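The next block holds one structure in the form of structure tokens; read it before the comments.
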Amino acid sequence: MSILDTLAPTERVLSTKPNHPKELTPQPIVLDHRLLQHPEAAPVSSLLYSGFIEHLGRCIYGGVCDDPNEPASKSLLLDQGDYPGGTGKKRLGLRKDVLKVWGKKGDLECPMMRYPGGNFVSNYFWKEAVGPVENRRKRRELAWQTIESNLFGTDEFIDWCRESGCEPYLCVNMGTGSLEDALDWLEYCNGTGDTYWANERRKNTGREEPHNVKLWGLGNEMWGTWQVGHLTADRYAEKARRWGHALKLLDPTIQLVSCGKEGSNDWDREVLQKCLDVIDMHSIHLYSMIGYRDNALAVNYPYEANVFGPAAGERNIQNCKALIDIANVEQCANGKKPRDIKICFDEYNVWDPVVAKPTEGNEQIYTYTDMLGFCAWMNLLVRQSKDCPMACLAQSVNDIAPIICNADGILYQSIYFPFKLFSNYMKDGHVLSMAPFKDVYDGPNHPESTQILGLRPSYIDAVAVAVTGQNKDVSIRISLLNRHPSAQWDAVLDINSIEINDVEIHEIFTENLDSANTWMQPELIKPDVTKLSAKEWNEQGAKRTLRNHSWAFIIMNGKPSSA
């Protein structure tokens with residue numbers, strides 16, 4: 001055999017069924033608050049736990065605000081007064097319970113909310129949803145084939161953001177909309193001078209101060225054939241450059257987000273090459289489980305597709321960062337300065353459209369397995385937060401969401417609990433360096449590209465963050481996910497870099513992979529919480545057994561060790 005024969009391409013044989021090991025290899029996890037994954041990186045941003053709302057199903061009407069056709073209990077509603085124009089018609093009340101969950105000071109501590117889409121935005125006329133209610137035209141909405149009343153529009157969204165404390169993130173209509181519409185919207189929101197649209201805002205809101213929207217998305221999924229007015233990459237890039245230039249002439253303080261694909265595509269490459277000097281962030285989208293039923297290899301293995309599928313999202317972030325680097329090389333070659341463009345993963349989640357049909361409002365009841373897949377999403381987003389510091393969970397209420405509303409209250413879905421722990425604790429600290437885990441999965445996965453690319457996600461998926469307090473206290477938080485369907489895993493947490501004061505452990509486990517929280521059984525899935533003193537931890541806690549298909553979140557508080 002010639003040595004060149006060893007370089008000849010060989011056909012990659014894809015696994016057609018899982019071949020899970022019978023046992024998982026025990027190994028210690030060294031957690032040292034001084035060993036950072038990226039010492040030069042900023043702390044994990046709270047923007048990683050942003051939300052997304054869209055006019056789809058009951059996300060807005062019956063979620064964010066009241067549904068006039070199915071009113072909620074009055075005790076749940078925050079009165080918003082009358083619509084402008086003196087008609088006396090009340091604006092829809094905001095759901096106080098939803099605000100309590102999604103507010104910046106609420107349960108999820110959400111810092112930013114994306115609106116109004118999503119596919120909806122590509123046929124959205126913002127001017128029809130401001131001002132007197134009698135002037136708000138009902139319109140046939142083309143993305144989800146519904147009738148939009150426009151009772152909730154820009155001013156109502158901004159008022160929701162003011163109540164919640166969230167920063168607004170608006171996406172402009174690059175489908176049926178015009179550049180003039182986008183400029184008018186920016187002037188309406190941010191204008192401070194004596195201009196027509198700034199004065200219209202003052203008249204409609206009764207306030208002098210602008211809405212001050214700083215983050216603007218240049219269209220949504222314009223690469224998709226389902227998108228109204230979809231474009232080729234070159235036409236989108238040319239359009240985005242024109243629009244971005246004009247918008248920043250009107251308000252140089254805004255930040256613009258270009259419309260990406262999954263992050264690993266020729267679309268992303270071309271848009272980044274042509275728009276790098278105009279944009280401030282590049283968005284990518286991916287839902288694990290969507291389309292897996294069309295995948296010949298993974299279709300018979302929904303558990304594996306669910307818990308290992310998010311690996312594609314991590315690779316897409318890495319590939320997108322490489323495309324940004326390549327675009328910067330081109331910038332330098334053309335005599336321009338490189339730009340530190342970040343990735344905005346402004347749509348992600350576990351979503352099975354067969355279960356959550358768009359025609360039925362996308363209301364997915366999340367199972368225990370879905371929660372495991374969601375934990376994998378959380379882990380990878382924190383791991384890649386250096387390059388992807390912002391992400392928007394799609395979506396926030398009712399529509400593939402962690403909470404579901406009815407007229408009397410809220411149901412907390414299985415994915416709510418890991419999201420809450422991450423949004424509360426996995427921020428304002430640095431990601432720790434961790435050794436790779438030995439046991440990896442090499443079976444059917446979704447999307448199929450994860451196998452073609454040779455991605456081999458580990459059965460044990462973990463990420464840890466260290467937060468240093470003002471008094472030099474150190475808190476190490478670790479998320480531990482065991483994706484093996486039947487084998488437990490033994491680990492020793494080596495945290496000799498700090499002297500433990502106390503530990504809090506949140507664990508979620510059930511034998512029934514299809515179990516879910518419902519209105520009849522609202523607390524079937526929730527964390528079991530254990531609190532340990534330093535003495536108790538030293539006696540038993542460092543040695544952990546992570547049960548099969550389970551997740552644990554551990555918070556270890558202490559002071560730097562003198563050793």
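The values are calculated or read from the model by the stated rules, or taken from the named source; none is laboratory data. Note that the structure is predicted; figures quoted are calculated from it, not measured. Positions of Cβ are generated from backbone atoms using ideal geometry, with glycine treated the same way; all protein chains shown enter the neighbour counts. Areas reflect the complete protein model, heavy atoms only, side chains present, ligands, DNA and RNA absent. Shrake-Rupley method; radii C 1.70, N 1.55, O 1.52, S 1.80 Å.
Numbers at a glance
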item: For the chain, calculated [θ]222 nm from helices alone, where every DSSP H run of n ≥ 4 adds -39500 (n - 2.57); result: -7000 deg cm²/dmol
item: Over 27 Å between alpha carbons, listed pairs Lys74/Lys526; Lys17/Lys342; Lys342/Lys420; Lys96/Lys386; Lys100/Lys214; Lys17/Lys386; result: Lys74/Lys526; Lys17/Lys342; Lys96/Lys386; Lys17/Lys386
item: Within the accessible area of the chain (1.4 Å probe), percent carbon and sulfur; result: 51
item: Convex hull of the stretch 344-503 built on C-alpha atoms - directionally averaged projected area, nm²; result: 12.6
item: DSSP-defined beta bridges in the stretch 46-430 - what % are antiparallel, rounded to 5; result: 30
item: Candidate aspartates and glutamates - alpha carbon under 19 Å from Lys472, same-chain residues fewer than 8 apart omitted; result: Asp32, Asp428, Glu499, Asp502
item: Label point 7 Å beyond Cα of Ile452 along Cβ direction - residues of the stretch 308-327 with amide nitrogen under 19 Å; result: 309-320, 323
item: In the stretch 456-563, the GluC sites (Glu not before Pro) that fall in loop regions by DSSP, at most 10 other Cβ within 10 Å; result: Glu511, Glu523
item: Magnitude of the charge dipole, the stretch 293-403, Cβ model with Lys/Arg +1 and Asp/Glu -1, debye to 20; result: 560
item: Approximate spin-label separation Ala322-Val529, in nm, with each point projected 7 Å along Cα-to-Cβ; result: 4.3
item: Dipole magnitude (debye, nearest 20) for the stretch 46-430, charges at Cβ of Lys, Arg, Asp, Glu; result: 400
item: Reachable aspartates and glutamates, given that their alpha-carbon falls under 12 Å from the alpha-carbon of Lys427 and they are not under 8 places away in the same chain; result: Glu109
item: Estimated inter-spin distance, Ala333 and Ser75, nm [label 7 Å along Cα→Cβ]; result: 6.7
item: Å² per residue, accessible surface of the stretch 459-537 at 1.4 Å; result: 48
item: √(5λ) per eigenvalue of the Cα gyration tensor, the stretch 49-206, largest first, Å; result: 23, 18, 18
item: Ordering of 154-164, 120-130, 208-218 by packing [mean C-beta count within 10 Å, highest first]; result: 120-130, 154-164, 208-218
item: Efficiency of FRET from Cβ geometry, Thr510 and Asn538, R₀ 25 Å, rounded to 0.05; result: 0.25
item: Set of lysines near Lys336 by C-alpha distance (under 17 Å), chain-local residues within fewer than 8 positions excluded; result: Lys274
item: Full-extension gain in nm, Thr545 to Asp82, via 0.36 nm per residue minus C-alpha separation; result: 161.0 nm
item: Calculated diffusion of the stretch 325-366, Stokes-Einstein form, Kirkwood radius summed over Cα pairs, 10 °C and 1.306 mPa s, µm²/s; result: 115
item: Lys138 paired with Val299, simple spin-label distance in nm, labels 7 Å along Cα-to-beta-carbon; result: 4.1
item: Accessible area of the stretch 46-430 divided out per residue, in Å², using a probe of 1.4 angstrom; result: 35
item: Shape parameters for the chain, alpha-carbon atoms, Rg then Dmax in Å; result: 24.3, 88
item: Calculated FRET efficiency for the pair Ser433/Ala8, C-beta based, R₀ 60 Å, to 0.05; result: 0.95
item: Angle in degrees between helix 154-164 and the longest Cα principal axis of the chain, rounded to the nearest 10; result: 50
